[in-house]
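Down below is the structure, laid out as structure tokens.
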Amino acid sequence: MSTLPLSQDQLRAQFGPHLNLAPPGGWLSDPTPDKVVETHCCFCGQQCGIKLKVKDNKVIGFDPWEEFPFNQGKLCPKGVKRYLQGNHPDRLTKALKRTEHGFEPMGWNEAMDRTVAEIQRIQQQHGKDAFAVLSGVSLTNEKSYLAGKFARLGLQTKNLDYNGRLCMVSAGAGNKKAFGVDRAANSWADIELAEVIWVAGSNVAECSPITTDYIWRARDRGALLIVVDPRITPLARTADLVLPLKPGTDTALTNGILHLLNKWKLIDWDFVNAHTSGFEQAVEAVKDCTPEWTSQITGLPVDAIEKAARIWGEARTSFLLHARGIEHQSKGVENVLGCINMVLATGRIGRPGCGYGTITGQGNGQGGREHGHKCDQLPGNRDISNPEHRKYICSVWGCTDEELPGVGQSAQEIMNAIHAGEIKGLLLLCFNPLVSLPDSQFTREALSKLEFFVCLDFFLSESAQHADIVLPSALQEEDEGTTTSAEGRVIKINKAVDCPGDARPDWQIMVELARRLGRGKYFDHFTSPEAIFNELRVASKGGTADYAGITYEKIVKNMGVFWPCPTEDHPGTPRLFEGGQFFHPDGKAKFIPTPWRPPMEVVDDEYPIWLTSGRVVFHYLSGTQTRRIGFLVEQCPHPYLEIHPRLAEKYGLAEGDAVEITSRRGSMVLPAKVVKTIRPDTVFIPYHWAGALSANRLTARHLDPVSKIPEFKVSAVRLKKTTKDQFSPELAELQRMAYEARSTQSQMPEQVF
């Protein structure tokens with residue numbers, strides 16, 4: 001049983017999070033590097049270029065990579081401090097086994113033997129599909145591709161999924177339905193050419209800061225900015241129009257806009273008639289979505305809705321961006337399609353300054369959803385249920401159709417099956433579901449029911465604390481490979497340092513496991529990341545995500561290559577859909593009706609307040625990495641409840657007061673942060689923390705029926721003022737750590753500054 005071997009406090013004392021406050025040797029050590037390695041940031045989907053400074057096989061700092069075209073040397077706070085996760089006191093360097101006395105180091109061979117024996121035992125007793133794989137999309141394309149092949153041909157299980165299921169899948173499903181392909185339609189260079197920029201459900205300035213620069217460049221040229229979000233985020237404070245709608249009402253707004261575009265004859269009929277299908281059905285679905293109806297559903301004023309429609313409809317060029325705010329819902333795919341309908345109706349796509357893009361959240365959120373570690377997908381963004389797609393991949397892999405499993409369960413469904421006792425074993429790669437999945441108490445219960453749980457990671461995350469075996473894997477800078485940015489640009493990750501101790505790149509671990517499981521014939525030829533990439537190129541050939549013409553050399557020479565790139569002499573495709581050509585067989589884009597329906601959970605007398613969640617600029621996803629970097633913890637040490645002054649007054653709350661937040665899943669106590677930049681009927685919690693401080697103690701396991709993404713952004717809660725002695729011990733510990741970080745910085749020698 002995968003229960004905790006020690007108390008949470010004991011595990012924290014041994015494995016952290018502890019703070020790394022200075023580079024190797026301290027701030028006054030010799031900063032002269034042995035080498036400088038051009039690579040990319042390990043965090044969000046922008047994948048900014050960065051130069052890592054290396055001395056004595058340790059990353060000691062960074063330089064801006066001003067020549068890289070996307071960020072031109074600019075970095076966010078996380079990027080500036082990302083090098084401090086290397087040489088970290090919490091870094092895993094030995095394989096670990098869980099004992100009744102806690103985690104103890106073990107030899108590599110013993111760890112692999114135990115893992116293989118447990119996999120074989122479970123599959124012999126309960127069937128191949130009783131063992132599952134969950135992987136992350138901070139992995140490179142090579143590792144993502146290999147994870148899919150390893151699960152299906154190494155473990156022979158259909159139950160494989162990835163944490164992109166919590167990020168991009170609604171966007172991907174919507175894009176494929178409308179366009180026939182899943183990728184941002186343009187490089188970000190088109191943003192600055194747009195007359196109007198519409199940003200829906202994206203806290204751009206904090207979650208994808210460098211994108212802010214592109215928007216501001218457009219503003220400098222006179223562009224108008226519309227931001228749709230229940231919170232007035234930092235970018236929204238610079239907008240021409242802010243639409244702070246009620247959580248979960250996004251399709252009502254986009255339907256209302258489409259209604260007005262049609263009523264006011266702001267439709268690009270030449271484009272619609274020549275390059276789309278389904279317009280009549282989409283317009284019929286919004287015939288009753290008047291501004292008054294839209295206002296009633298969204299809580300927005302009628303004049304604001306009409307102004308937004310007028311600005312959007314009359315523009316000559318425009319760019320629509322969206323992210324998790326509209327996608328993290330049980331109707332995320334419908335929200336995405338509603339946005340796409342607005343774009344298609346005005347014909348502003350596939351030409352300079354006219355585009356549409358999903359802002360990818362995770363480091364390789366784009367590439368990670370293209371090459372086969374989704375439960376329903378094969379490399380090249382192929383469909384695992386399509387006989388022709390299966391036939392082609394079988395020819396590449398050298399297996400039969402009978403050997404290739406079918407559709408498995410999605411990430412949350414896998415956790416549900418573990419909880420129900422249907423899945424008995426789990427292999428977890430760089431994924432922290434105990435923090436990332438909704439209803440964290442349910443996830444904790446599920447992990448405790450596993451018969452065997454093996455985790456590959458470089459820190460002992462909260463989820464890994466439940467594992468039976470932990471295998472130390474590599475940081476991004478300890479291996480090479482490729483990732484694909486939010487724009488669709490395939491870029492090169494270059495190795496800067498070697499793995500410490502017994503830590504190994506994930507791909508090597510998977511290949512060794514496959515060999516020990518007797519499945520080496522499918523994996524023995526993978527002797528390097530480039531060898532994996534070259535097979536990926538073949539496997540993707542002819543798919544919508546076609547990498548066949550991309551090589552490591554070509555990526556380096558061009559500072560990235562946009563897919564699709566079918567041949568080595570092809571330049572890549574920065575802008576999709578030029579000439580109005582889409583990826584459906586008839587070459588047309590599809591309008592898809594999005595009838596309004598409410599969220600799965602709505603406010604009522606017992607739970608009268610909307611809760612939404614999101615990121616802050618100083619942390620990344622589950623915080624496994626950023627909660628260990630002193631500067632970032634100092635800036636934002638713990639979560640809080642963001643609440644409007646009117647709502648705070650109703651509950652007698654002032655800044656810093658303790659407030660208990662309760663949903664149908666659980667409760668937590670946080671300090672109040674009173675702000676005017678949120679709807680008075682809505683509260684917000686950042687989600688980067690674990691345990692008693694995890695926002696996902698409160699969120700529900702409702703899933704979008706198409707994408708199977710959980711509804712993180714819409715929950716119903718109640719509030720109650722309480723006393724500060726109800727704050728959790730974890731909150732006090734984080735405050736202590738932040739104080740330590742501030743004190744250390746205040747004592748730095750003057751030369752550092």
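The values are calculated or read from the model by the stated rules, or taken from the named source; none is laboratory data. For clarity, every value in this text was computed on a predicted model and none was experimentally measured. Every residue, glycine among them, receives a Cβ derived from its backbone with ideal geometry; neighbour counts consider all protein chains shown. SASA here: full protein model, heavy atoms, side chains in, ligands and nucleic acids out. Shrake-Rupley method; radii C 1.70, N 1.55, O 1.52, S 1.80 Å.
The charge dipole of the chain, taken about its Cα centre with unit charges on the Cβ atoms of Lys, Arg (+1), Asp and Glu (-1) only, comes to about 380 debye. Apply the a/c threshold of 1.5 to the C-alpha gyration tensor of region 484-631 and tell me whether it is rounded, prolate or oblate. Note, shape of region 484-631 comes out oblate. When you work out D = kT/(6 pi eta Rh) for region 422-486 at 4 °C and 1.567 mPa s, using the Kirkwood radius from C-alpha pairs as Rh and the Stokes-Einstein form, the result is 100 µm²/s. Computed over region 566-624, the convex hull of the alpha-carbon atoms projects to a mean area of 10.3 nm². Taking 1 over the mean of 1/r across every pair of different Cα atoms in region 229-336, what Kirkwood radius in Å do you get? This gives a value of 14.8 Å. Per the Cα gyration tensor, region 636-736 maps to an equivalent ellipsoid with semi-axes of 23, 17, 12 Å, ordered largest to smallest. For Asp524, what is the net charge nearby, where nearby means another residue's Cβ is under 11 Å from its Cβ and Lys, Arg count +1, Asp, Glu -1? Result for the neighbourhood of Asp524: +2.
Divided by 2.2 N^0.38 Å, where N counts the residues, the Cα radius of gyration of region 394-447 comes to 1.45. Think of a 1.4 Å ball rolled over the protein heavy atoms: region 627-753 then has 42 Å² of accessible area per residue.
With only Cα atoms counted, region 273-326 has Rg and Dmax values of 13.6, 36 Å.
A straight Cα-to-Cα reach below 14 Å connects Lys35 with the aspartates and glutamates Asp56, Asp63, Glu477, Asp498, residues fewer than 8 places away in its own chain not being considered. Counting every alpha-carbon pair across region 1-58, the share separated by more than 18 Å comes to 62%. Set the Förster radius R0 to 56 Å, insert the Cβ-Cβ distance between Glu280 and Thr744 as r into 1/(1 + (r/R0)^6), and round the FRET efficiency to 0.05. Efficiency at R0 = 56 Å is approximately 0.30.
Split the accessible area of region 95-189 by element, probe 1.4 Å, and carbon with sulfur accounts for 43%.
Note on region 420-537: Kirkwood radius taken over Cα pairs, Stokes-Einstein applied at 20 °C and 1.002 mPa s, translational D equal to 133 µm² s⁻¹.
Against the set (1) 93, 74, 50; (2) 111, 72, 54; (3) 71, 64, 57, the structure's computed Cα extents along the principal axes in Å falls on (3). Applying D = kT/(6 pi eta Rh) to region 355-506, where Rh is the Kirkwood radius over alpha-carbon pairs, T corresponds to 4 °C and eta to 1.567 mPa s, the Stokes-Einstein value obtained is 73 µm²/s.
In angstrom, the C-alpha Rg and Dmax of region 93-247 are 23.2, 66.
Go ahead and run the numbers for FRET between Asp498 and Lys265, Cβ-Cβ distance against an R0 of 51 Å, rounding to 0.05. Efficiency at R0 = 51 Å is approximately 0.20.
Across region 613-753, the relative contact order, built from alpha-carbon pairs under 8 Å that are at least six residues apart, equals 30 percent. In straight-distance terms, cross-link reach from Lys720 covers every one of the aspartates and glutamates whose alpha-carbon lies under 18 Å from its own, apart from those fewer than eight places away in the same chain; here that gives Asp604, Asp605, Glu606, Glu642, Glu649, Glu655, Asp657, Glu660, Asp681.
Grouping the Cα pair distances of region 490-542 into 10 Å bins from zero gives a pair-distance distribution of 20, 45, 30, 5, 0 percent in increasing distance order.
Equivalent ellipsoid of region 8-99: semi-axes from √(5λ) of the C-alpha gyration tensor, largest first, are 28, 17, 12 Å. Contact order for the chain, expressed relative to its length and based on alpha carbon pairs under 8 Å spaced 6+ residues apart, stands at 19 percent. Report note on the peptides 309-317, 529-537: ranked by the mean count of other C-beta atoms within 10 Å, highest first, their order is 529-537, 309-317. Annotation: the antiparallel percentage among DSSP beta bridges lying fully within the chain is about 50.
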